[in-house]
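The structure appears below as structure tokens.
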């Protein structure tokens, strides 16, 4: 398709605008999804941590540490839960799911950090960890580490779908704008051909039907065509 | 005046007939009981790395049940043991338990394997308030104390008893730096707690610990665990593991020169572990079977002076019971007699005695009382079984064996393991 030179700049501007919209929408989407999923994971961690802390009260007070371990093992089966551990009131590790040992970074803290903390642990990866006190801390605390790679995976998946959709819309927009521009520029091309025909530069630029259709248009192209014909007739002494 | 009319007699006869019919229906309505058999449910690993436990326990129990059935069963009813494979995965145990109780309607549950499996099963029994669990293959505490203690009966000693005994003996001969290698689950934790408590009594603590994942295979690497424990410079290591992982750990430890005493508890099938180590000893040209201890909760399977051992071996030879599922790990050594098999046999013997005492019209409601009536019962295994004063564990026996010439033998003298000039 031949693009009218007059519109080339505008066309580039439109594409640029579309691109900017696509990029900014994707960026916003990544930011929002990242924030929401991270928040959701942190909330889940806190919820699981509180649930185990509440359940641990009874288990610790009435049953055996192995029953507490069984409880941790059940929660460990939840997708995204990277590890769990329980420390007693002295900070000693009484149950955990680590293999082959409690990481040194965690071991050195003795379960004292209860706030949400991001860790990057060798052999485990990036995690968000939260802790909850058991019996207000009198019986120790329970800690849950949520796998951040799971968050990243979910973010990649969610963002990937959004970007895929935006890309399709971007391509469709370009195609539609091309089609619309083509429709808009066709009368201008005809007008230019008609002008060349009147000037005798290209005598058979338009067929009889195309000329009649052009002159019959009620838009600016038709008006200009009729003006060109009037000028041409005036110059050749033909009464309009 | 005729006090007893013909009409009154007819009415009485009809009433008696109706009562009898209701009684028969009530009896027939007892889950798992028919005129011909008693349905016993079992969930255990028959495939996977711990399949030997389920297979051996099943074979031992079936040797007894087949013999009882051949003699006409219990009060004329044959014992029908229906087993499902759980692959040593607790969630599958839950599924199997629901299948056994709700669909199959088993009269009782028997021979469950593993601490986590039992931990998950007990709340189901509590909720359904129907069947009881008899003689699970675990020494954990969950089924021995409230709130679930009344739902299960145990024959074997607990892990607490096994580990406490081990610690006492080891400390007595100078082993004060004891490290622990354990399975990262409730079973491992159960043993870990027992060791910790045992050491506390002596004013000691665990000097190093390393875990491994449940389901680990003999071919897996245990180098990291060995490195961690070696760094603690232990005098002895107590392993709370399954046979494949324990054997893998022992091989890895010996390869790097960590030649300290390694002690295992009864859940570790000693014969299966030794079979793996012997095969590797031949391949590698070094003896991996040295300096090993294994606790047992049943007597030595070679002690044929004991009536129960003789019967077990004879009935295994006579019936050669086959496990309900094909061996999923071909190539793994199997043995004709095993300590786990003997435990299954003794479990079955005790269950048969309880069912005998339950009478000709067995009900689930009467099971606990029938079990509790067992006092001083001689199973022919060198100890008497008793459920005394509400205690749901029949035996406290723990046997300590060590390897001599590639075989486990009962330890006569702990002095052979003495270090640092200990007495």
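The values are calculated or read from the model by the stated rules, or taken from the named source; none is laboratory data. Computed from a predicted structure; not experimentally measured. Cβ atoms come from the backbone with ideal geometry, glycine included; neighbour counts cover every protein chain shown.
Against the condition touching a helix residue (DSSP H, G or I) at 6+ places or on another chain (Cβ under 7 Å), modelled with pLDDT under 95 and surrounded by 22 or more Cβ atoms within 10 Å (Cβ to Cβ), how does residue B:270 come out, does it pass?
Numbers: touching a helix residue (DSSP H, G or I) at 6+ places or on another chain (Cβ under 7 Å): yes; modelled with pLDDT under 95: yes; surrounded by 22 or more Cβ atoms within 10 Å (Cβ to Cβ): yes.
Yes; evaluated as a whole, the condition is true for this residue.
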The condition from (1) at the interface with another protein chain (Cβ under 9 Å from one of its Cβ atoms); (2) crowded, with 19+ Cβ neighbours inside 10 Å that residue B:237 misses is numbered (1)
Would a scan of the range B:202-220 turn up a residue that is more than 12 Å from every other protein chain (Cβ to nearest Cβ) and buried (at least 24 other Cβ atoms within 10 Å of the Cβ)? no
query: Right, residue B:252: more than 22 Å from residue B:186 (Cα to Cα) and either in contact with a helix residue (DSSP H, G or I) (Cβ under 6 Å, 6 or more places away or on another chain) or not in a helix (DSSP H, G or I) (or both) or not?
result: yes
When the range A:201-219 is checked residue by residue, the ones that are at pLDDT 85 or above and exposed (fewer than 12 other Cβ atoms within 10 Å of the Cβ) are A:207, A:208, A:209, A:212, A:216, A:218, A:219
Residue B:195 vs (1) closer than 16 Å to residue A:93 by Cβ; (2) at the interface with another protein chain (Cβ under 9 Å from one of its Cβ atoms); (3) in contact (Cβ under 8 Å) with a residue 40 or more places away in the chain: all pass except (2)
Taking the range B:150-172 and the residues there that are more than 18 Å from the chain's Cα centre (by Cα) and within 15 Å of residue B:237 (Cβ to Cβ), the one that is surrounded by the fewest Cβ atoms within 10 Å (Cβ to Cβ) would be B:169
How many residues of the range B:153-188 are under 24 Å from residue B:226 (Cβ atoms) and free of Cβ contacts under 8 Å to residues at least 40 places away in the same chain? The answer is 2
Based on what the data block shows, is residue B:113 surrounded by 19 or more Cβ atoms within 10 Å (Cβ to Cβ), more than 20 Å from the chain's Cα centre (by Cα) and in contact (Cβ under 8 Å) with a residue 60 or more places away in the chain? no
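Rundown of residues vs (1) at pLDDT 95 or above; (2) within 14 Å of another protein chain (Cβ to nearest Cβ); (3) within 22 Å of residue B:361 (Cα to Cα), yes/no style:
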| site | (1), (2), (3) |
| --- | --- |
| B:41 | yes, no, yes |
| B:45 | yes, no, no |
| B:50 | no, no, no |
| B:59 | yes, no, no |
| B:62 | yes, no, no |
| B:65 | yes, no, yes |
| B:79 | yes, no, yes |
| B:84 | yes, no, no |
| B:111 | yes, no, no |
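Restricting to the range B:199-239, count the residues that are outside any loop (DSSP other than H, G, I, E, B) and either in contact with a strand residue (DSSP E or B) (Cβ under 9 Å, 6 or more places away or on another chain) or at pLDDT below 95 (or both). Give the derivation first.
If we filter the range B:199-239 for residues that are outside any loop (DSSP other than H, G, I, E, B), which is where we start, we get B:199-201, B:208-212, B:223-231, B:236-239.
Subset that is either in contact with a strand residue (DSSP E or B) (Cβ under 9 Å, 6 or more places away or on another chain) or at pLDDT below 95 (or both): B:199, B:208-212, B:224-231, B:236-239.
Summing the residues that are outside any loop (DSSP other than H, G, I, E, B) and either in contact with a strand residue (DSSP E or B) (Cβ under 9 Å, 6 or more places away or on another chain) or at pLDDT below 95 (or both) in the range B:199-239 gives 18.
Within the group A:238, A:159, which residue is at pLDDT below 85, closer than 30 Å to residue A:24 by Cα and either in a helix (DSSP H, G or I) or over 50 Å from the mean Cα position of the chain (by Cα) (or both)? Lay out the reasoning, then the answer.
Numbers: A:238 fails: closer than 30 Å to residue A:24 by Cα.
Criteria check complete, one pass: A:159.
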| said: It is to be established whether one or more residues within the range B:345-366 are buried (at least 17 other Cβ atoms within 10 Å of the Cβ), assigned to a loop (DSSP other than H, G, I, E, B), in the same structural domain as residue B:53 (by TED's automatic domain parsing) and modelled with pLDDT under 95. | reply: no
Scanning the range B:128-184 for residues that are closer than 27 Å to residue B:39 by Cα and assigned to a helix (DSSP H, G or I), the one farthest from the other protein chains (Cβ to nearest Cβ) turns out to be B:128
